[in-house]
Structures are given as C-alpha cells and as structure tokens.
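Contents: one structure, followed by commentary.
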Amino acid sequence: MTLNDELQTRKQVEEIQKSSRTDLTFAYAHHQVADAKDAVTFGASRVQDRLTKWAALIPVKREDMPNDKLWADLVAIKNRMVFYNPAGTKPNKMKASLSLMRTDHAGALKEMICRLDAEVRATA
C-alpha cells in the first residue's frame with residue numbers, strides 16, 4: 001500500500017465516522033423533538049401547562065440538526081420560551097410565567113413544536 005493509498009483510506013474512514021456521528025446526533029434530535037411534541041400534545045387541558053415539558057428541546061445543539069432550516073425553527077422555539085422564562089434555570093418560575101402566557105400565544109408555540117416535529121420526521 002502506498003502513502004497515497006493510505007491517505008485515501010484514512011479520508012474515507014474519517015468521512016464514514018463523521019457521517020455516522022451526524023446520523024447519531026440527528027437521531028438524538030429526532031427523539032428529543034418527538035418527546036417535546038408528545039409532551040405539548042397530550043396531558044393537561046391547558047396548553048400553557050403542557051408547555052412546561054418542552055424542555056426536551058433544550059439540550060439539542062446545532063450539530064444535531066441536519067440543516068439550517070430545522071435549526072432556525074428550533075432556535076425560534078427556544079427564543080420564544082426564553083421570553084417567558086427570563087430566569088432560565090428554575091422550572092417553577094418557568095411554569096409560573098407560562099401560566100401567564102395568553103392561550104393564543106401558547107397555542108402558537110405548540111404549533112411551532114408540532115411543525116418542527118413534522119419537518120424532522122420528513123427529513124429522517
């Protein structure tokens with residue numbers, strides 16, 4: 001095996017490893033988005049009370065998403081939630097602030113999460 005052959009082989013191995021990591025991170029993101037969608041769809045009668053379970057989306061990172069559109073949609077959801085959770089760390093404060101959210105705003109946020117789930121499923 002020549003040096004050039006060895007370099008080509010290493011490049012191929014690195015590309016395979018990179019694509020495997022990408023598939024794993026997307027699978028993780030897919031799972032987290034599905035969990036968030038289920039959480040906001042089923043449960044308490046008020047949407048605001050169900051939104052406290054959206055936290056499954058918090059650990060999802062840019063590299064977990066396969067394209068910029070999905071990442072932008074996730075960031076929009078996170079930004080909207082941060083607006084209603086200025087402290088950012090205490091779930092009880094988030095729940096209290098979500099209870100103040102108007103029903104139409106909470107419904108729009110739920111729809112954003114459901115739409116993200118549908119787009120992620122379509123991408124998978």
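Among the residues making up region 24-39, those that are at pLDDT 85 or above, under 25 Å from SER99 (Cβ atoms) and buried (at least 17 other Cβ atoms within 10 Å of the Cβ) are GLN32, VAL33, ALA36, LYS37.
When PRO59 is tested against (1) open to solvent by 90 Å² or more (accessible area, probe 1.4 Å); (2) at pLDDT below 90, exactly one condition is not met: (1). Apart from one condition, ASP5 fits all of (1) acidic (Asp, Glu); (2) under 18 Å from the mean Cα position of the chain (by Cα); (3) surrounded by fewer than 13 Cβ atoms within 10 Å (Cβ to Cβ); (4) modelled with pLDDT of 60 or more; the exception is (2). For first residues located in region 104-117 and without any contact (Cβ under 8 Å) to a residue 60 or more places away in the chain, partners that are surrounded by fewer than 15 Cβ atoms within 10 Å (Cβ to Cβ) and of a type in the set (A, V, I, L, M) and lie 6+ apart or on another chain with Cβ distances below 9 Å form the pairs MET112/ALA76.
Restricting VAL75, VAL47 to residues that are farther than 14 Å from PHE26 by Cβ and at pLDDT 90 or above narrows the list to VAL75.
Among the listed residues LYS95, LYS69, LYS90, which satisfies the condition of being modelled with pLDDT under 80, in contact with a helix residue (DSSP H, G or I) (Cβ under 8 Å, 6 or more places away or on another chain), open to solvent by 40 Å² or more (accessible area, probe 1.4 Å) and among the charged types (D, E, K, R)?
On the way: LYS69 fails: modelled with pLDDT under 80; LYS90 fails: in contact with a helix residue (DSSP H, G or I) (Cβ under 8 Å, 6 or more places away or on another chain).
On inspection, the qualifying residue turns out to be LYS95.
The values are calculated or read from the model by the stated rules, or taken from the named source; none is laboratory data. None of the values given here were measured: they were computed from a predicted structure. Glycine gets a Cβ as well: all are built from the backbone with ideal geometry, and neighbour counts include every protein chain shown. We work out accessible area using only protein heavy atoms, side chains counted, and drop any ligands, DNA or RNA first. Shrake-Rupley method; radii C 1.70, N 1.55, O 1.52, S 1.80 Å.
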